[in-house]
Amino acid sequence: MTHDAIAVIDFGGQYAHLIATKIRRLHVLAEIRQPEDPTDAFRRYKGIIISGSPSLASFGEDSTYNKAIYDLDVPIFGFCFGHQEMAKHYGGTVVHGGREWGPADLRVVADSPIFKGLGRTERVWMSHFDSVTSVGPGFEEVGYTSLGESGEPHRFAAIASNTLRRYGVQFHPEVDDTVHGDEMIANFVLGVCGCSPSWTMERYVEERVDQVRRQVGDRSVFLLASGGVDSTVAARLLGMAIGADRLNLLHVDNGLMRKDESRQVLEVFREFGLDRNLHFVDASDTFLSALAGAVEPEQKRTIIGNTFIEVFEREAKRLGIEGHLLGQGTIYPDTIETGGTKRADTIKTHHNRVPVIERMIAEGRVVEPLADLYKVEVRELGEKLGIPHGLVWRHPFPGPGLGVRLLCSAGAAHSEGLADIEPKVGEVAARFGVAALAMPIKSVGVKADLRSYEHPVLVSGDAPWEKQLELAASLFRHVPGVNRCIWNLAPGAPARVKPLAATVTRARLDLLREADHLVMEGLRRHGIYDAIWQCPTALVPLEVDGRGREFVIVRPIHSERAMTATPAQLPAGLVAELCEQILPLPGVSGLALDVTTKPPGTIEWE
Ligand code: XMP
């Protein structure tokens, strides 16, 4: 059967694949295409969407992409960079400036099929440095965003030429935080392009099973199984494709797991009958000695990824199953955030995408049946394949585990840029009547599809939840160099925090494990574990009191696909309990809640 299809041109934006996923959820086939693909490759599509990009449209011409697509009589919808490129192509202007991060209100000022059935004001999600400042002949402004606080509108946030069937929006309709983004995509795909919905998840499973069979042939697979939803669903799918006999599972305790986790994971595997060829190895010593002295986040990830492979090969040899393919439950964000598509920036190198694994992939020695799915699809698939609800809905836990939540430092302050940041932070804090301190460390974030490594700001004072979020948004908007806002839960307002020299040690991991355990227990006790998507706890080597004790940060978030996130509010009772339980832990001097959206902060601190 042939399906109506949409082409998504991947300019390396963090969300290109998400666009395809959203279209598939409408039961319409969507395929990712490269910008330089020949014009003929685009003829069979009923519509084209141009994604965002880490590149700047204001920078000049991207001579490598095929602009003949604009000559096709096919509707085109541009998002962010795609919107800017389209505006430029048809005679408009794009400038470097007018940046916006996170939520914005779009005022719709003209009729457009994209906004059919929607309100005159729509909550949308922004992440950009450049903006469109004029449009060419035949195009009109369909909407602008108002900043609220400063009152200055950002013009041309939505543009269109109904005659040419060309549409552009500065925001990202594909992310869940654009409240009616799905409707906008549906208006384009089903309305403007007239696609008929004939594509299903069952179809996806059949194709994937077929593909795995072709790739594996008569070989066997040795799957790294963490016990999380991704590797467990991958195990089920591989089992369906090649049979349980040819599937071996390896669960590695890398010393970076949660309290008591490996024991629980093995029990769960046994319970679900996934223990036929299940192997376990306690490799915590190997991992901790490999990590000794490492401080930089990317260096730690690379070490963790390499050590997984070292342990995998050692175990395969010990079990006499060398020559098996390496199986991984890699999902799409792992690839895209590692810069795994041609034009994407490296936000962070996921442990399952380190160079040694990339080499194995190139040699055809890796099988990853879920590599183009997002968490929400993996869960949908997990439920379809009969994996119990409790496992399917476990909070995601990163492969490098607590390794990315245990921040390390050489002890020197990261103070570059702080002199510029501090007065601006002071101004924003004064407007909200609170105290704020830019911190002399850095954490990873993502801004306009690019990796950022910038300062968090610690805020102390009383403010209702909405005000906390407003203050954070205001900081991100007005203070370059800041990508995170954390709210102090300890009494008083520290005037100064000092970095401590700290590396990956068992003692620090045990402290983090205990704090994390208290947070997880708290979420369960208050019945909100399921309502929260993920809640990392991080240990940050900063002291407030000159006694060498560290900071604990709790980051509850709501998300659907981990590509964007909003901070989740915890009940006041739970916050009070966490203060009582975590602040007295030996080695802890501070406790804060992270109230940062993604972008500009990533979910994990590293
Ligand atoms: P970030 O921090 O990039 O996280 O916003 C997005 C999602 O991915 C998880 N995460 C990882 N998962 N290996 C993984 O398997 C990694 O290196 C890694 N880093 C982040 C994170 O927990 C969140 O769910």
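The values are calculated or read from the model by the stated rules, or taken from the named source; none is laboratory data. Worth saying up front: this structure is predicted, and the values here are computed from it rather than measured. Ideal geometry is used to build each Cβ from the backbone, glycine not excepted, and the neighbour counts take in all protein chains shown. Only protein heavy atoms, including side chains, enter the accessible area calculation; ligands, DNA and RNA are left aside. Shrake-Rupley method; radii C 1.70, N 1.55, O 1.52, S 1.80 Å.
Before moving on, here are some points about what is shown:
- Report note on the peptides 362-368, 406-412: ranked by the mean count of other C-beta atoms within 10 Å, highest first, their order is 406-412, 362-368.
- Dipole check for the range 86-176: with +1 at the C-beta of Lys and Arg, -1 at the C-beta of Asp and Glu, and the Cα centre as origin, the magnitude is about 280 Debye.
- For the range 469-526: rounded, prolate or oblate by the Cα gyration tensor [a/c cutoff 1.5]: oblate
- Within straight-line cross-link reach of residue 46, lysines at Cα separation under 24 Å, skipping those fewer than 8 residues along the same chain: 22, 67, 88, 116
- Which of 229, 355, 330, positive extreme of dipole for the range 201-402 (C-beta unit charges): 355
- Antiparallel %, DSSP beta bridges [both residues in the chain], to 5: 55 percent
- Accessible surface calculations at 1.4 Å, restricted to protein heavy atoms, place the range 5-192 at 35 Å² per residue.
- Approximating the spin labels as points 7 Å out from Cα along Cα→Cβ, the residue 40-to-residue 203 distance works out to 2.6 nm.
- Of the residues 461, 585, 597, the one whose Cα sits farthest towards the positive end of the charge dipole of the chain is 585 (charges of +1 on Lys and Arg Cβ, -1 on Asp and Glu Cβ, taken about the Cα centre).
- Annotation: residue 99 carries an accessible surface of approximately 80 Å², with a 1.4 Å probe and no ligand, DNA or RNA atoms counted.
- The range 409-594: equivalent-ellipsoid semi-axes (sqrt of 5 x gyration tensor eigenvalues, Cα, Å): 23, 21, 17
- Estimated FRET transfer efficiency (residue 467, residue 412; beta-carbon r; R0 30 Å; 0.05): 0.30
- Calculated FRET efficiency, residue 96 to residue 420, Cβ-Cβ distance, R0 = 22 Å: about 0.70 to the nearest 0.05.
- Reachable lysines, given that their alpha-carbon falls under 16 Å from the alpha-carbon of residue 384 and they are not under 8 places away in the same chain: 375
- At q = 0.08, 0.12 Å⁻¹, base-10 log of I(q)/I(0) for the chain (Debye sum, equal scatterers on each alpha carbon): -0.58, -1.28
- Surface composition of the chain: carbon plus sulfur atoms hold 51% of the accessible area, using a 1.4 angstrom probe and ignoring ligands, DNA and RNA.
- Which of 424, 348 is most accessible, then next, and so on - probe 1.4 Å: 424, 348
- Electrostatic bookkeeping for residue 186 treats Lys and Arg as +1 and Asp and Glu as -1; over the other residues with beta carbon under 13 Å from its beta carbon, the sum is +1.
- Where the range 338-426 is the region considered: accessible area per residue in Å², 1.4 Å probe: 38 Å²
- Accessible heavy-atom area order of 210, 177, 130, highest first, probe of 1.4 Å: 210, 177, 130
- Assigned charges on the beta-carbon of Lys, Arg, Asp, Glu; the range 409-594 dipole about Cα centre (debye): 280 debye
- Pairwise FRET efficiency - residue 140 versus residue 365, Cβ, R0 = 41 Å, nearest 0.05: 0.15
- Positive-end residue, the chain charge dipole about Cα centroid, Cβ charges, pick of 573, 520, 291: 291
- For the range 83-171, fraction of C-alpha pairs farther apart than 16 Å, in %: 48 percent
- Those lysines that a straight Cα-Cα span of less than 25 Å connects to residue 442, excepting residues fewer than 8 apart in one chain: 300, 348, 424, 467, 498, 598
- Rounded to the nearest 20, the Cβ-based charge dipole of the chain about its Cα centre (Lys and Arg +1, Asp and Glu -1) stands at 320 debye.
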